[in-house]
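Visitor: Right, I'll just put the structure down here and ask away after.
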Amino acid sequence: MSDCITALEYEGGIVAVDSGMVQPLTAACYLLETDDALALIEVGNNASAERILKIIRSRGRSPDEVSHIIVTHVHLDHAGGAGELMARLPNAQFVVHPYGARHMIDPSRLEASARHVYGDTAFDAMYGTLRPIAVERVITMEEGDSLAVGGRPLVFMDSPGHARHHFCIWDEQTRGWFAGDTFGLSYRDLDTPNGPFIFPTTTPTQFNPQVLIASIDRMMEKSPENMYLTHFGRVQGVPQMASRLKTAIRFFVELAETYANEENRTEAIEAGMMDWLLAGTRKHGVTLSEQQVRERVHHDVVLNTQGIEFWLDHRG
Ligand SMILES: [Zn+2]
């Protein structure tokens, strides 16, 4: 039932639809509404397709109006349901970073590497079967390219650091970036009078801290007023968010280097990151119990640690 699906509506025809993955309000799919067309930015998993279609219909629009499905990168919490959704939206073109396209056309390698990260049981429960997308429906966007949804221009920026196949999408109308995972994670249940709490996502296998900070700096050159995060929703007060985020990235690097040669490296980095998040949320004024904060961020701590360890093992 569509009234059970949370969707946060923002100015400028932008709606963050809860993809339903992992926990409530954890991964968003954005619906961009213009008079003449609709676009989706991020698609969640296969089960998210039905939720997205319900929200489109509940807003008095038709799935046939969707002209573009865009994913910021091909990690499966962003792009796992792309093939399924494309099959149900016959008029849509699929828009992806040039380095990500082949993994959407033939998702077998993507599936294998995700099974490696998540394990088979979790993968099957969360993603099921990835459907390929026909090559003739795929378009790629390079640095500086733009496309129009209805008459509304979107401009693409290559934004490596979280993943090499990641772009961010600039919406001039609201002076906002659809940031994917480049601008970190910020959950609405950690909001306080001090604003949103924000921290990086460093999931495997292409996290690179210096490159990520450079991408954040490039995003800031536009003086953005809004950041539309996949995890989760819009944040404002962007300059302050950017500086908190960069501080956190530098702390994660420090943490990695402190424990790089530790025998129990994984446990040590996870514990250090969790302690930092508990202290940080407390200082930020978050009133959830320690246990609630742990549950909120546990999934991220595990994946972030995997990504940091991969970076430690493969950096030059
Ligand atoms: Zn993500």
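Visitor: For segment 92-131, what are the residues that are without any contact (Cβ under 8 Å) to a residue 24 or more places away in the chain and part of a loop (DSSP other than H, G, I, E, B)?
Guide: Matches in segment 92-131: G119 only.
This table checks each residue for (1) over 20 Å from D158 (Cβ atoms); (2) modelled with pLDDT under 95; (3) not hydrophobic (A, V, I, L, M, F, W, C).
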{"site": "T174", "(1), (2), (3)": "yes, no, yes"}
{"site": "T182", "(1), (2), (3)": "no, no, yes"}
{"site": "Y187", "(1), (2), (3)": "yes, no, yes"}
{"site": "F197", "(1), (2), (3)": "yes, no, no"}
{"site": "T205", "(1), (2), (3)": "no, yes, yes"}
{"site": "S215", "(1), (2), (3)": "no, no, yes"}
{"site": "M219", "(1), (2), (3)": "no, no, no"}
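Visitor: Quick check on this structure: which one of V138, V96, V117 is surrounded by 14 or more Cβ atoms within 10 Å (Cβ to Cβ), modelled with pLDDT of 95 or more and touching a Ser or Thr at 6+ places or on another chain (Cβ under 9 Å)? Please lay out each step first, then the result.
Guide: Working: V138 fails: touching a Ser or Thr at 6+ places or on another chain (Cβ under 9 Å); V117 fails: modelled with pLDDT of 95 or more.
Testing whether each residue is surrounded by 14 or more Cβ atoms within 10 Å (Cβ to Cβ), modelled with pLDDT of 95 or more and touching a Ser or Thr at 6+ places or on another chain (Cβ under 9 Å) leaves just V96.
Visitor: Let me ask you something else. State the number of residues belonging to segment 69-98 that are of a type in the set (A, V, I, L, M), away from the ligand (no atom under 16 Å from the Cβ) and closer than 21 Å to W170 by Cα.
Guide: Taking segment 69-98 and keeping what is of a type in the set (A, V, I, L, M), we get 69-71, 74, 76, 79, 82, 85-87, 89, 92, 95-96.
If we keep only those that are away from the ligand (no atom under 16 Å from the Cβ) as well, we get 69, 85-87, 89, 92, 95.
Adding the requirement that they be closer than 21 Å to W170 by Cα leaves 69, 92, 95.
Within segment 69-98, residues that are of a type in the set (A, V, I, L, M), away from the ligand (no atom under 16 Å from the Cβ) and closer than 21 Å to W170 by Cα number 3.
Visitor: Still on this model: Which residue is farthest from T6 (Cα to Cα), if the candidates are limited to segment 60-91 and must be modelled with pLDDT under 95 and part of a helix (DSSP H, G or I)?
Guide: L76
Conditions tested, residue by residue: (1) surrounded by 19 or more Cβ atoms within 10 Å (Cβ to Cβ); (2) farther than 17 Å from A163 by Cα; (3) polar (S, T, N, Q).
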{"site": "E11", "(1), (2), (3)": "no, yes, no"}
{"site": "S19", "(1), (2), (3)": "yes, yes, yes"}
{"site": "T34", "(1), (2), (3)": "no, yes, yes"}
{"site": "S58", "(1), (2), (3)": "no, yes, yes"}
{"site": "R88", "(1), (2), (3)": "no, yes, no"}
{"site": "G100", "(1), (2), (3)": "yes, no, no"}
{"site": "R109", "(1), (2), (3)": "no, no, no"}
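Visitor: Within segment 39-56, track down each residue that is in contact (Cβ under 8 Å) with a residue 60 or more places away in the chain, over 12 Å from G83 (Cα atoms) and surrounded by fewer than 24 Cβ atoms within 10 Å (Cβ to Cβ).
Guide: Matches in segment 39-56: none.
Visitor: Quick check on segment 159-183: of everything there that is in a strand (DSSP E or B) and in contact with a helix residue (DSSP H, G or I) (Cβ under 8 Å, 6 or more places away or on another chain), which residue is nearest to L32 (Cα to Cα)?
Guide: To start, the set of residues in segment 159-183 that are in a strand (DSSP E or B) comprises 167-171, 176-180.
Add one more test, that the residue is in contact with a helix residue (DSSP H, G or I) (Cβ under 8 Å, 6 or more places away or on another chain), and what stays is 168, 177, 179-180.
On the way: C168: 15, W177: 13, A179: 14, G180: 15 Å.
Ranking the candidates gives W177 first.
Visitor: Here are G60, G20, G44, G12: which of them is over 13 Å from the mean Cα position of the chain (by Cα), on the phi > 0 side of the Ramachandran plot and either within 16 Å of the ligand (Cβ to nearest atom) or not assigned by TED's automatic domain parsing to the domain that holds A179 (or both)? Don't jump to the end; show me each part of the working.
Guide: Numbers: G60 fails: either within 16 Å of the ligand (Cβ to nearest atom) or not assigned by TED's automatic domain parsing to the domain that holds A179 (or both); G44 fails: over 13 Å from the mean Cα position of the chain (by Cα); G12 fails: either within 16 Å of the ligand (Cβ to nearest atom) or not assigned by TED's automatic domain parsing to the domain that holds A179 (or both).
Criteria check complete, one pass: G20.
Visitor: Here is a further query. Which pairs turn up if I take residues in segment 225-248 that are within 16 Å of the ligand (Cβ to nearest atom) and look for partners that are assigned to a helix (DSSP H, G or I) with beta carbon separation below 7 Å, at least 6 apart in sequence or on another chain?
Guide: These pairs meet every condition: M227/V238; M227/M241; T230/H78; F232/R188; G233/R188; V235/M241; L245/I216.
Visitor: What about R57, is it under 25 Å from D158 (Cβ atoms) and in a helix (DSSP H, G or I)?
Guide: no
Visitor: Could you check how many residues of segment 209-224 are away from the ligand (no atom under 16 Å from the Cβ) and under 13 Å from W311 (Cβ atoms)?
Guide: Going through segment 209-224 one residue at a time, the tally reaches 3.
Visitor: Still on this model: Among what's in segment 26-38 and is within 14 Å of the ligand (Cβ to nearest atom) and in contact (Cβ under 8 Å) with a residue 40 or more places away in the chain, pick the residue that is nearest to P153 (Cα to Cα).
Guide: Y30
Residue-by-condition table, conditions (1) in the same structural domain as T72 (by TED's automatic domain parsing); (2) of a type in the set (S, T, N, Q); (3) buried (at least 17 other Cβ atoms within 10 Å of the Cβ); (4) touching an Asp or Glu at 6+ places or on another chain (Cβ under 8 Å):
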| position | (1), (2), (3), (4) |
| --- | --- |
| I216 | yes, no, yes, no |
| E225 | yes, no, no, no |
| F251 | no, no, no, no |
| T258 | no, yes, no, no |
| M273 | no, no, yes, no |
| Q291 | no, yes, no, no |
| E295 | no, no, no, no |
| N304 | no, yes, yes, no |
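Visitor: If I filter segment 163-181 down to residues being within 16 Å of the ligand (Cβ to nearest atom) and hydrophobic (A, V, I, L, M, F, W, C), which single residue comes out as surrounded by the most Cβ atoms within 10 Å (Cβ to Cβ)?
Guide: Taking the candidates together, the pick is F167.
The values are calculated or read from the model by the stated rules, or taken from the named source; none is laboratory data. Note that the coordinates shown come from a computational prediction; the quantities given were computed from them, not determined experimentally. Neighbour counts are summed over all protein chains in view; Cβ atoms, including those assigned to glycine, are modelled from backbone coordinates with ideal geometry.
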